[in-house]
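Quick notes on the structure that follows.
The values are calculated or read from the model by the stated rules, or taken from the named source; none is laboratory data. Quantities reported herein were computed from a predicted structural model and do not represent experimental measurements. Because the Cβ atoms are built from the backbone with ideal geometry, glycine has one as well, and the counts that use them run over all protein chains shown.
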Amino acid sequence: MAGPNSFYGPLDPAPDAGYVDAPPRMGFFTDTSVCIGCKACEVACKEWNAVPDDGFNLLGQSYDNTGGLTANSWRHVAFIEQPGSSSGGCGGGCSSGQATTTPGAFAGLPSGPSASAHSAAVASQTVPDTGTAPGIGPAFDALAAAATTSSILDKSGSSQFLGMPGSDLPGRTLDAPREDFRWLMMSNVCKHCTHAGCLDVCPTGALFRTEFGTVVVQSDICNGCGYCVPACPYGVIDRREDDGRAWKCTLCYDRIGDGLTPACAKACPTESIQYGELDELRERAAARVAALHEQGVSEARLYGNEPDDGVGGDGAFFLLLDEPEVYGLPPDPVVTTRDLPAMYKRAGLAALAMAATAVVSFLGSRS
Amino acid sequence: MSTSASSSSDRRRSSRRRDGAATSSRRRGDRSMVPPADFRSYYGRPIVKPAPWHHDIPAYLFTGGLAAGSSLLAAGGSATGRPALRRAGRVTALGAVAASGYFLINDLGRPERFINMLRVAKPTSPMSMGTWIFSAFAAGAGVAGVAEAAPLLPSSLRHLVTPLGTAGGYGAAIVAPALATYTAVLLADTATPSWHEPYPDLPFLFAGSALASGAAVGLIAAPPAETAPARRLAVAGAALELAAGHRVENAYGLVSEPFHQGRAGKLMKAARLLTAAGGVGALLGRRSRTVSALSGLALLAGSIATRFGVFEAGLASARDPKYTVVPQRERLAARGPADAPKQTPADAPTPPAGPLAPGA
């Protein structure tokens with residue numbers, strides 16, 4: 001069934017995978033502009049799919065104590081506290097001279113600089129035990145540290161005193177004045193890529209393409225080789241340590257086959273998570289972006305909706321209010337198997353060189 | 001505010017300087033022209049996940065390469081009438097294949113299900129292709145290795161076993177180059193930046209490493225009268241390993257950086273020294289059995305260090321979002337503003353500076 005675009009490019013994945021008369025491709029549109037960070041999606045997902053707990057960590061990353069998508073967290077709500085205008089964290093590095101930009105939708109709201117930069121800088125360097133491998137990795141170079149106004153090693157800061165009740169969060173540094181502030185929230189999930197790296201590299205066939213164009217792990221086949229984990233350009237799929245197998249969002253394969261809405265979308269109180277036919281969701285998303293732009297939210301943009309992007313478009317795509325990497329998403333993901341033919345070619349050349357070297361070494365002289 | 005701004009920018013500038021010092025050459029040549037690695041991330045957390053593999057996998061990269069290299073040595077010895085090379089090569093290949101099998105199965109999350117690897121043959125999965133390559137190689141190398149016990153058998157059986165061993169040995173040698181190089185594709189076919197980007201050179205690095213380690217077996221085990229081809233193989237293998245390694249470590253800009261830092265940096269440096277020493281020793285130690293054996297040991301150790309170094313560098317590149325974000329940002333910028341996401345003031349690399357908004 002392999003077509004010219006089977007590795008890369010626009011494609012309808014279910015027919016390409018061999019389904020005859022496949023139903024329309026289903027997916028998620030996650031509109032982060034209306035996400036309120038309630039985490040109902042995380043809870044509903046765990047309840048329906050019987051996903052184990054992920055360690056009950058306190059990460060100091062705003063209200064995010066999940067940390068990221070793991071084998072034990074198939075939905076993850078990210079919280080980003082952002083200075084809306086001037087603040088530390090910019091330093092001399094960023095281009096100055098830009099006017100203060102209060103995003104229109106946030107004008108007049110109580111706001112200030114990130115309240116948890118200190119604790120984020122410390123917490124990001126710890127490794128919360130999620131019961132999965134690799135789980136949530138420690139951060140190499142916590143940018144949060146750069147966003148704080150004093151060294152995290154500097155114990156002299158009087159702001160560490162936690163005894164007096166105040167209106168601010170514990171650990172907040174008070175050496176910066178309150179300013180414009182916005183709070184970004186996003187419910188992250190498996191993207192169910194058109195060209196899914198995890199599915200491509202799975203050596204057992206445990207990962208498969210469903211008739212809805214989604215990507216699902218068959219847990220009775222997976223032998224825990226772990227190859228899908230580094231293959232995912234979004235860092236979604238992960239391996240459970242006690243059980244040894246890889247797990248991720250199934251887009252509720254057991255629900256959508258019966259015409260039900262996936263648990264997370266069903267539980268979302270603001271319709272930030274919308275489930276439906278992908279074509280329709282793309283139209284709805286385009287209209288939503290246009291509406292937001294009209295309202296002055298010029299930074300609204302879609303992520304993962306283009307069928308000609310590096311993964312052939314995502315089955316689960318997003319409306320974001322900042323650059324993707326701010327939410328922990330790669331800015332330009334490309335499915336690794338795009339380059340696989342070239343890789344095999346280079347390996348073939350190397351193999352030929354190796355064989356030729358051996359032959360020449362032995363033919364050199366019959367001493 | 002100004003003090004806060006300068007202190008944070010100082011910290012970043014110093015980290016930039018570290019980056020520059022660690023990388024000997026960058027894509028744009030002139031270090032001072034390299035744009036600062038400024039990027040944004042979600043609390044500094046990684047974007048892609050590092051492979052959940054333990055030391056079994058780099059150990060297998062070595063034993064797989066050793067099996068491939070030594071089976072080529074054995075086939076050469078068999079074809080040119082050098083029984084000591086043949087015997088050492090076949091026995092080593094058998095041992096290395098057995099160790100490889102152990103490492104591969106032990107690293108699975110569900111080792112008892114290793115047989116599921118044989119459910120499918122999937123060209124898009126280098127691991128699936130590798131399973132079949134490894135199985136074919138193991139069959140040949142197994143027969144050839146066991147056939148080395150022929151002298152212990154009664155003569156009637158010996159006549160049966162010896163030709164089988166020869167066939168198995170040649171069969172394994174035919175598959176060997178694929179066995180030695182598919183592992184490079186295995187690592188490269190991931191979203192791990194420092195494994196994926198150097199994919200043009202990684203197979204040559206692994207091929208050189210496999211040749212050097214296979215030849216090392218000949219240097220260690222065979223009498224000087226038989227080692228001439230093993231020497232040539234060792235020198236060629238070491239040269240290939242060093243040349244391809246130099247490319248991997250330096251030619252890929254930012255994603256070459258992890259090969260110079262931390263544990264990966266130490267391992268790659270050790271690999272360079274050991275491989276170079278082994279290659280020189282193989283060339284000069286023609287008359288001394290001791291020098292030959294030491295050169296062989298250095299080549300083996302160099303090959304081990306190369307495999308673990310490449311493995312560690314990849315994991316390090318996955319653990320730091322910098323190696324995911326910065327190259328992708330450069331890619332977007334190179335594609336031009338038409339393709340780039342709409343630029344708004346909020347899209348600046350860091351939040352813009354400016355006076356407070358009125359009324360905030």
Original post:
Within the stretch B:324-360, can you find the residues that are at pLDDT 95 or above and among the hydroxyl-bearing types (Ser, Thr, Tyr)?
Top reply: B:Thr324
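Hey, can you tell me all the residues within the stretch B:72-116 that are crowded, with 24+ Cβ neighbours inside 10 Å and within 14 Å of chain A (Cβ to nearest Cβ)?
Across the stretch B:72-116, the qualifying residues are B:Leu72, B:Leu73, B:Ala74, B:Ala75, B:Gly76, B:Gly77, B:Arg82, B:Leu85, B:Arg86, B:Gly89, B:Ala93.
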**OP:** Using the structure shown, decide if A:Leu59 is over 17 Å from the mean Cα position of the chain (by Cα), closer than 29 Å to A:Thr337 by Cβ and surrounded by 16 or more Cβ atoms within 10 Å (Cβ to Cβ).
**Re:** no
**OP:** Hey, can you tell me all the residues within the stretch A:1-55 that are charged (D, E, K, R), part of a loop (DSSP other than H, G, I, E, B) and in contact with a strand residue (DSSP E or B) (Cβ under 6 Å, 6 or more places away or on another chain)?
**Re:** A:Lys39, A:Asp54
Original post:
So is B:Arg231 more than 12 Å from the chain's Cα centre (by Cα), of a type in the set (Lys, Arg), more than 15 Å from B:Ala210 (Cβ to Cβ) and surrounded by fewer than 24 Cβ atoms within 10 Å (Cβ to Cβ) or not?
Top reply: no
Subject >> Selection count, the stretch A:34-58, where residues are within 14 Å of chain B (Cβ to nearest Cβ) and either free of Cβ contacts under 8 Å to residues at least 12 places away in the same chain or touching a Ser or Thr at 6+ places or on another chain (Cβ under 8 Å) (or both) >> reply: 1
Original post:
Counting just the residues of the stretch A:1-27 that are among the aliphatic types (A, V, I, L, M) and within 20 Å of B:Pro123 (Cα to Cα), which one comes out modelled with the lowest pLDDT?
Top reply: A:Met1
Original post:
Hey, A:Leu352 hits all of (1) more than 8 Å from every other protein chain (Cβ to nearest Cβ); (2) without any contact (Cβ under 8 Å) to a residue 40 or more places away in the chain; (3) in a helix (DSSP H, G or I) but one; which does it fall short on?
Top reply: (1)
Original post:
Any idea which residue in the stretch B:160-204 is farthest from the other protein chains (Cβ to nearest Cβ), counting only those that are without any contact (Cβ under 8 Å) to a residue 40 or more places away in the chain and closer than 21 Å to B:Thr80 by Cβ?
Top reply: B:Leu164
**OP:** Go through the stretch B:205-228 and count every residue that is more than 9 Å from every other protein chain (Cβ to nearest Cβ) and surrounded by 24 or more Cβ atoms within 10 Å (Cβ to Cβ).
**Re:** 9
**OP:** Please go through the stretch A:213-255 and pick out each residue that is in contact with a Phe, Trp or Tyr (Cβ under 8 Å, 6 or more places away or on another chain) and within 9 Å of another protein chain (Cβ to nearest Cβ).
**Re:** A:Asn223, A:Gly226, A:Pro230, A:Ile237, A:Asp238, A:Arg239, A:Arg240
Original post:
Can you name every residue in the stretch B:254-284 that is farther than 28 Å from B:His196 by Cβ and in contact (Cβ under 8 Å) with a residue 60 or more places away in the chain?
Top reply: B:Gly278, B:Gly279, B:Ala282
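Within the stretch B:56-88, how many residues turn out to be more than 20 Å from B:Ala150 (Cα to Cα) and either modelled with pLDDT under 95 or hydroxyl-bearing (Ser, Thr, Tyr) (or both)?
Summing the residues that are more than 20 Å from B:Ala150 (Cα to Cα) and either modelled with pLDDT under 95 or hydroxyl-bearing (Ser, Thr, Tyr) (or both) in the stretch B:56-88 gives 2.
Would a scan of the stretch A:334-347 turn up a residue that is of a type in the set (S, T, N, Q), facing chain B (nearest Cβ under 10 Å) and surrounded by 18 or more Cβ atoms within 10 Å (Cβ to Cβ)?
Looking for residues that are of a type in the set (S, T, N, Q), facing chain B (nearest Cβ under 10 Å) and surrounded by 18 or more Cβ atoms within 10 Å (Cβ to Cβ), one finds at least one in the stretch A:334-347, hence yes.
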Subject >> Members of the stretch B:122-166 found to be modelled with pLDDT under 90 and in a helix (DSSP H, G or I), listed by number >> reply: B:Ala150, B:Pro151, B:Leu152, B:Ser155, B:Ser156, B:Leu157, B:Arg158, B:His159, B:Leu160
Original post:
Of all residues in the stretch A:296-316, how many are over 20 Å from A:Val334 (Cα atoms) and modelled with pLDDT of 95 or more?
Top reply: 1
Subject >> Criterion (free of Cβ contacts under 8 Å to residues at least 40 places away in the same chain, among the aliphatic types (A, V, I, L, M) and within 30 Å of A:Tyr8 (Cα to Cα)) met by exactly one of B:Leu108, B:Leu61, B:Leu153, B:Leu157 >> reply: B:Leu108
Original post:
Can you name every residue in the stretch A:259-297 that is surrounded by 18 or more Cβ atoms within 10 Å (Cβ to Cβ) and part of a loop (DSSP other than H, G, I, E, B)?
Top reply: A:Pro262, A:Cys268, A:Ser272, A:Val297
**OP:** Could you look through the stretch A:266-325, keep only residues that are of a type in the set (Val, Ile, Thr) and closer than 20 Å to A:Ile36 by Cα, and pick out the one that is farthest from the chain's Cα centre (by Cα)?
**Re:** A:Val297
Original post:
How about the stretch A:211-258: which of its residues are in contact (Cβ under 8 Å) with a residue 24 or more places away in the chain, hydrophobic (A, V, I, L, M, F, W, C) and part of a loop (DSSP other than H, G, I, E, B)?
Top reply: A:Phe212, A:Cys222, A:Cys232, A:Val236, A:Ile237, A:Cys249, A:Leu251, A:Cys252
Original post:
Looking at this structure, is A:Glu323 buried (at least 19 other Cβ atoms within 10 Å of the Cβ), charged (D, E, K, R) and within 10 Å of chain B (Cβ to nearest Cβ)?
Top reply: yes
**OP:** Could you list all residues from the stretch A:355-367 that are part of a helix (DSSP H, G or I), at the interface with chain B (Cβ under 7 Å from one of its Cβ atoms) and of a type in the set (Gly, Ala, Ser)?
**Re:** A:Ala355, A:Ala358, A:Ser361
**OP:** Would you check if there is a residue in the stretch B:33-45 being outside any loop (DSSP other than H, G, I, E, B) and at pLDDT below 95?
**Re:** yes
